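Working notes, structure below.
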């Protein structure tokens, strides 16, 4: 059957990773054999050429590709006993703009031979292809970072850490038949680290960073106080407002792998400044 098709397949092996110090980068060496568990990758039984764009998911993410080279085999095979042909026309490494996944895109072609109504046809198939890709990628870790501030006269941290910060999202389940309320579940995707607070002019500030936030997933930053974060006044309740970068939810992408200045200020400092 002739025409133009598209198919996506997973890569078959993890890459060899070579670290490079200057500039900070990684050389990823991919190699393997791609197969289609559902049958042939591409087949054709007539003289009209079938073309396919095959996308191999290499199961590795990056923020930026610096350099790359790739090959996919078979390059081209034909026979002098007929007019059939199978070929790999091109291969290219790309970066998924939403998820940051590294992709190997291969252009395939297959031409069969129709011998007439009585003689049948010569069908040709591509069952497997081998591939290599050498990809030099930038190292820029996806992260969310900011500062937490509170007045020393309002709260005291008896030991550290006294606060916890995470990135996550809510899953909302609708109410079941006969029930008035649904439910919400908080899913944590990355846990942050808070540095020791610094006291300047009566105000504490503690920097935090959340690394490993996945690309393409809208997340919220949740800051909570631990039992050793104590209010100086019995009526005060530890809580924090967002200030400065108020983007909510936050979604990191390969084009914008970091969100900075996602700051929090204690609710006793009102209005937030």
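Worth pointing out:
- Residue within region 181-203 that is surrounded by fewer than 15 Cβ atoms within 10 Å (Cβ to Cβ), modelled with pLDDT under 85 and assigned by TED's automatic domain parsing to the domain that holds residue 152 present: yes
Yes/no per residue for (1) at negative phi; (2) within 30 Å of the chain's Cα centre (by Cα); (3) surrounded by 15 or more Cβ atoms within 10 Å (Cβ to Cβ):
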{"site": "101", "(1), (2), (3)": "yes, yes, yes"}
{"site": "107", "(1), (2), (3)": "yes, yes, yes"}
{"site": "110", "(1), (2), (3)": "yes, no, yes"}
{"site": "130", "(1), (2), (3)": "yes, yes, no"}
{"site": "138", "(1), (2), (3)": "yes, yes, yes"}
{"site": "142", "(1), (2), (3)": "yes, yes, yes"}
{"site": "156", "(1), (2), (3)": "yes, no, no"}
{"site": "165", "(1), (2), (3)": "yes, yes, yes"}
{"site": "177", "(1), (2), (3)": "yes, no, no"}
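- Strands (runs of 3 or more DSSP E) wholly inside region 1-98 that include at least 2 residues being at pLDDT below 80 and closer than 30 Å to residue 212 by Cβ: 3-10, 16-20
- Residue count for region 209-251, restricted to those that are within 23 Å of the chain's Cα centre (by Cα), part of a strand (DSSP E or B) and modelled with pLDDT of 90 or more: 7
The values are calculated or read from the model by the stated rules, or taken from the named source; none is laboratory data. Treat the numbers as computed from the prediction; the structure is a model and nothing was measured. Heads up, the Cβs are rebuilt from the backbone with ideal geometry, glycines too, and the neighbour counts pull from every protein chain shown.
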